[in-house]
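Student: One structure follows; several queries about it will come next.
The values are calculated or read from the model by the stated rules, or taken from the named source; none is laboratory data. None of these values were measured; they are calculated from a predicted model. Here the Cβ is made from the backbone with ideal geometry for all residues, glycine too, and neighbour counts use every protein chain on show.
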Amino acid sequence: MTFPEQRPRRLRRTEALRSLVRETDLAARHLAAPLFVKEGIAEPVPISSMPGHHQHTLESLRKEARELAEKGIRALLLFGIPARKDPEGVQAWSEEGVAQRAVSALREELGDEVVVIADLCLCEYTDHGHCGILDGEDLDNDATLQRYRRIAVSQAAAGADLVAPSGMMDGQVAAIRAALDEEGFAGTAILAYAAKYASSFYGPFREAAEGAPRFGDRRSHQMDPANADEALREIRADVAEGADIVMVKPALPYLDVIRRARDAVDVPVAAYQVSGEYAMIKAAAERGWIDGTAAMLETLTAIRRSGAGLILTYFAREAADLL
């Protein structure tokens, strides 16, 4: 019997051999943990659709951040939920806003031990739940940019290392970069939600951040899931406007876009494994349909393999324990 000269199974025989030739590494340093802080609550509130996650008080946020840092997580993405909302979302740029106080608290607690990323949008702060200023029922792109400028400066003043505009407004990176530079925050970096799709995987997040739109949807500004070439145009535009990191969101349904982004630009590429991706794995694991731990690590490895240098994931704590 003739045997093939190439026998790939030779290098799969033991875990030591598999580890020796493993092509993609996954470590805690590749992960960023999203966190929610809510104004006006006395204790953390569990998020029913995201088991293991909470809307935090400032004190519980400090504790959670410290524990994550001790596990090797080096980046935290912060979402604020104000007690009061209005048509413009003025709490988003208030010096005493919940997000600004939370950024300052994390900076005080952890110094430069972690990278503090402030999500920059209006959906959690407006009473209508949309990502900007409305003109009737339409988003006014340029009026929204003026508010984004104010939010960015307030977040940088509070101590954010990166601001992360997620509204998908045209020209948002250029407007924010100019505002930061004008106000003396040239060292504050921008992580741009460069290719954010109008996805069906955001449902649990909207419970967590209390930012679901009161009417309509976000298809006029978030990307059509069918389009990949358009994503490259968005990503290149954000880099040209001054983005320091670009991000694709969601992650697993858009691995092809992450790969194309990694090949197309010479800045770091991030991916956001969103709330629906997390909830699906958790729900299937709770029912015994899949091995939740194995599925978590497999999906995170797939996102890394596609080209993401940073993964924002609700699995950050669990994965760090294993990695």
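So that you can scan it fast, the table gives a plain yes or no per residue for (1) crowded, with 17+ Cβ neighbours inside 10 Å; (2) of a type in the set (Gly, Ala, Ser); (3) touching a Lys or Arg at 6+ places or on another chain (Cβ under 9 Å):
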| site | (1), (2), (3) |
| --- | --- |
| TYR254 | yes, no, no |
| VAL257 | yes, no, no |
| ASP266 | no, no, no |
| VAL269 | yes, no, yes |
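Student: Can you tell me how many residues in segment 248-266 are in contact with a strand residue (DSSP E or B) (Cβ under 6 Å, 6 or more places away or on another chain) and over 17 Å from ARG305 (Cβ atoms)?
Tutor: The qualifying residues number 1.
Student: Are there any pairs with C-beta distances below 8 angstrom linking a residue in segment 217-242 that is free of Cβ contacts under 8 Å to residues at least 40 places away in the same chain and under 22 Å from GLY132 (Cα atoms) to a residue that is outside any loop (DSSP other than H, G, I, E, B) and of a type in the set (D, E, K, R), with the two at least 6 apart or on different chains, and if so which?
Tutor: These pairs meet every condition: ASP224/GLU230; ALA231/ARG260.
Student: So, one more: Assess whether ALA27 counts as being closer than 27 Å to THR299 by Cα and among the small types (Gly, Ala, Ser).
Tutor: yes
Student: Which one of ARG214, ARG219, ARG262 is on the phi < 0 side of the Ramachandran plot, at pLDDT 95 or above and either among the charged types (D, E, K, R) or crowded, with 19+ Cβ neighbours inside 10 Å (or both)?
Tutor: Of the residues listed, the single one that is on the phi < 0 side of the Ramachandran plot, at pLDDT 95 or above and either among the charged types (D, E, K, R) or crowded, with 19+ Cβ neighbours inside 10 Å (or both) is ARG262.
Student: Can you go through GLY167, GLY159, GLY136 and tell me which one is of a type outside the set (S, T, N, Q) and in contact with a Gly (Cβ under 7 Å, 6 or more places away or on another chain)?
Tutor: Criteria check complete, one pass: GLY167.
Student: Starting from segment 100-114, keep only residues that are closer than 12 Å to ARG74 by Cα, then list their pairs with residues that are in a loop (DSSP other than H, G, I, E, B) whose Cβ atoms are within a distance under 6 Å, requiring at least 6 positions of separation or different chains.
Tutor: VAL114/ARG74
Student: Restricting the first residue to segment 182-200 and requiring it to be touching a residue at least 24 places away in the same chain (Cβ under 8 Å) and in a strand (DSSP E or B), which pairs with a second residue that is among the aromatic types (Phe, Trp, Tyr) and buried (at least 23 other Cβ atoms within 10 Å of the Cβ) meet a Cβ separation below 8 Å and a spacing of at least six or different chains?
Tutor: From residues that are touching a residue at least 24 places away in the same chain (Cβ under 8 Å) and in a strand (DSSP E or B), the pairs are TYR193/TYR272; ALA195/TYR254; TYR197/TYR254.
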